[in-house]
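Single-structure report; data block below.
The values are calculated or read from the model by the stated rules, or taken from the named source; none is laboratory data. Keep in mind that this is a model prediction, so the values were computed, not measured. Here the Cβ positions follow ideal geometry from the backbone for every residue, glycine too, while neighbour counts run over all protein chains shown.
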Amino acid sequence: MSTVTISRDWVGRVIDGRFRLLEWLGGSESSGVFLTELDGPEPQKAAIKVILADYAKAQEWMVSWAEAAKLSHPHLMPLLDSGRTQVDTTGVAYSVTEYADEVLADVLRERPLGPEEVKQMLVPLLDALFYLHGKRYVHGHLSPSNVLVVQNQLKLSTDELQVTGEPRRWFRALTLYDAPEVWDGNMTAAADVWSLGMTLAEALSLRTPEWERESGKEPAVPAGIPQPFARMVRECLKLNPAERCTLADLNKARFERIRGEDEPLERRRSARSELEDREEHEGRRRGLILAGAAVVVLLAIFAVVHWWPGSSPAKTQTPGEAAASSAGVAGAVEAGPPPAEPAKREKRKREHAAAKQEIPKPQAEVPETANTQSENSAAVSTAGATGNAVQRVMPQPSDSALHTIHGTVRVRVKLAVDASGNVADATFADAGPSQYFARLAMDAARKWRFAAGAAGERVVEFDFRRTGVEARVE
């Protein structure tokens, strides 16, 4: 057995005479992912996956990657190049893809996703999986490590696709993200649904559901996951593939608001309408009974007063008065209680509308212009020096990301400003505790502009709070 392993020590080597390994991005003993650059007028960042493989195994990888390269979908990571070669005397296979600006696994090391973020993530994930399954492929290893963001667009990796219904191609170490049938070597579309359920649970709670394969019990969904996601995760993690929900079920469930034992929205609305009708009918019935009882009591009092010894003679009604009295009583009994006031009906309609859950709209991309800032962001702080800044661009975190903050997340970016007032270079003076907010701060700071002739160094300090973002120049 070969004792060669792939590690960060490989940084600096050149693969196939073309791809220099610039930075270690992660991997295992038998494979590793590195930062590299593509040749061209302007060097382009890319990611290269290098796998230990003898000639026969390398050929298998080449065939698989050639198939994957034919796929085209906006939410699938395209394969830019692939090949097999030797590093020293070690045989390897390699594939080259776009460089991911962000990986879900890295985000989850810092914080969980909010419900709105997960809803937005589900749309491209389901779309990509629908496409793969339609082409008779199974993703086969869906997990936070394979959910990537390239230029603000979510994409799934495609370097280890499996063929539906065929034995498992790649024999990597299995994890909780792999469905029970995968452990037996069977690849089905339902296996991706299981993996998606595990991914959703971890994204929302930072924990995967506890599961012991030998127990024969279904995984326990972590507490605290909001609806409808708790139901979705539970339906994804059925041991029997035939009992799991489908991608179509998940797509529909994104728009449902769940109550009690996961009652679908339409059924709940129907039940509520029936309950309202019953209450209105019951109210009318009670009104009729009360009105009838009142008539009986009045007649009894009249009889007592009229016939009681020594009582005053009853007033004699004229035929017209008697007819009017009878008509009034009859009308009261027949009509029952007055109808509900219009204001009450309007209130009930508003309550119904409040029960509906609106479909979340994706956030529109914000143009990168001067003084850009989100609606919930505080204005650039005017307290203290502005450093002659003439263009201030604010970071654009999502509302759900801001709501995960307790206190203040502070990021300090050091800028090198040239004589024309442009930012020539930017580095972190203090990246803070979150890669997510640090990246947003760096991207915004690079777009700042200062007055001409104000060359030198500036430090821009961004404070992220639940209420928004503030910035000041030190």
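Please find, within the range 176-187, the residue that is surrounded by the fewest Cβ atoms within 10 Å (Cβ to Cβ) out of those that are assigned to a loop (DSSP other than H, G, I, E, B) and at pLDDT 85 or above.
Per the stated criteria, the residue is LEU176.
Which residue pairs have Cβ atoms under 8 Å apart, sit 6 or more places apart or on different chains, and have a first residue in the range 1-26 that is touching a residue at least 40 places away in the same chain (Cβ under 8 Å) and under 21 Å from SER82 (Cβ atoms) and a second that is of a type in the set (D, E, K, R) and exposed (fewer than 13 other Cβ atoms within 10 Å of the Cβ)?
From the range 1-26, the pairs are ILE6/GLU29.
Just to be sure before I move on: is ALA68 touching a residue at least 12 places away in the same chain (Cβ under 8 Å), buried (at least 17 other Cβ atoms within 10 Å of the Cβ), of a type in the set (A, V, I, L, M) and outside the structural domain of PRO226 (by TED's automatic domain parsing) in the structure I sent?
So ALA68 fits the description; yes.
For the range 100-130, give me the residue count where each residue is closer than 30 Å to ARG20 by Cα and surrounded by fewer than 18 Cβ atoms within 10 Å (Cβ to Cβ).
Here the count works out to 5.
Given (1) touching a Lys or Arg at 6+ places or on another chain (Cβ under 9 Å); (2) surrounded by 13 or more Cβ atoms within 10 Å (Cβ to Cβ); (3) at pLDDT 90 or above, identify the lone condition not met by SER31.
In the conditions (1) touching a Lys or Arg at 6+ places or on another chain (Cβ under 9 Å); (2) surrounded by 13 or more Cβ atoms within 10 Å (Cβ to Cβ); (3) at pLDDT 90 or above, SER31 misses (3) alone.
Taking the conditions exactly as written (surrounded by fewer than 14 Cβ atoms within 10 Å (Cβ to Cβ), modelled with pLDDT under 90 and either over 18 Å from LYS119 (Cβ atoms) or more than 18 Å from the chain's Cα centre (by Cα) (or both)), does GLU276 satisfy them or not?
Yes: the conditions hold for GLU276.
What do you reckon, is ALA416 at pLDDT 90 or above, among the aliphatic types (A, V, I, L, M) and not assigned by TED's automatic domain parsing to the domain that holds GLU110?
Criteria met by ALA416.
Name the single residue, out of those in the range 110-122 being more than 8 Å from the chain's Cα centre (by Cα) and modelled with pLDDT of 90 or more, that is nearest to ALA190 (Cα to Cα).
PRO112
Just to verify a result, which residue in the range 196-253, among those that are assigned to a helix (DSSP H, G or I) and over 18 Å from the mean Cα position of the chain (by Cα), is surrounded by the fewest Cβ atoms within 10 Å (Cβ to Cβ)?
GLU214
Taking the range 211-229 only, how many residues are in contact (Cβ under 8 Å) with a residue 24 or more places away in the chain and of a type in the set (A, V, I, L, M)?
Selection size over the range 211-229: 1.
Being of a type in the set (Gly, Ala, Ser) and either modelled with pLDDT of 90 or more or buried (at least 21 other Cβ atoms within 10 Å of the Cβ) (or both): is that true of GLY165 here?
No, not satisfied.
Looking at the range 200-210, which of its residues are without any contact (Cβ under 8 Å) to a residue 60 or more places away in the chain and in contact with a helix residue (DSSP H, G or I) (Cβ under 9 Å, 6 or more places away or on another chain)?
ALA201, ARG207, THR208, PRO209, listed by residue number.
Taking LEU196, is it closer than 30 Å to ASP101 by Cα, free of Cβ contacts under 8 Å to residues at least 12 places away in the same chain and not polar (S, T, N, Q)?
When the stated conditions are applied, LEU196 does not pass them.
Yes or no, residue by residue, for (1) closer than 18 Å to GLU202 by Cα; (2) touching a Pro at 6+ places or on another chain (Cβ under 8 Å):
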| residue | (1), (2) |
| --- | --- |
| LEU108 | yes, yes |
| VAL118 | yes, no |
| VAL149 | yes, no |
| ASN152 | no, no |
| GLU166 | no, no |
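Inside the range 407-440, can you point out the residues that are of a type outside the set (Gly, Ala, Ser), over 17 Å from GLU470 (Cβ atoms), within 31 Å of the chain's Cα centre (by Cα) and not in a strand (DSSP E or B)?
PRO433, GLN435, TYR436, ARG439
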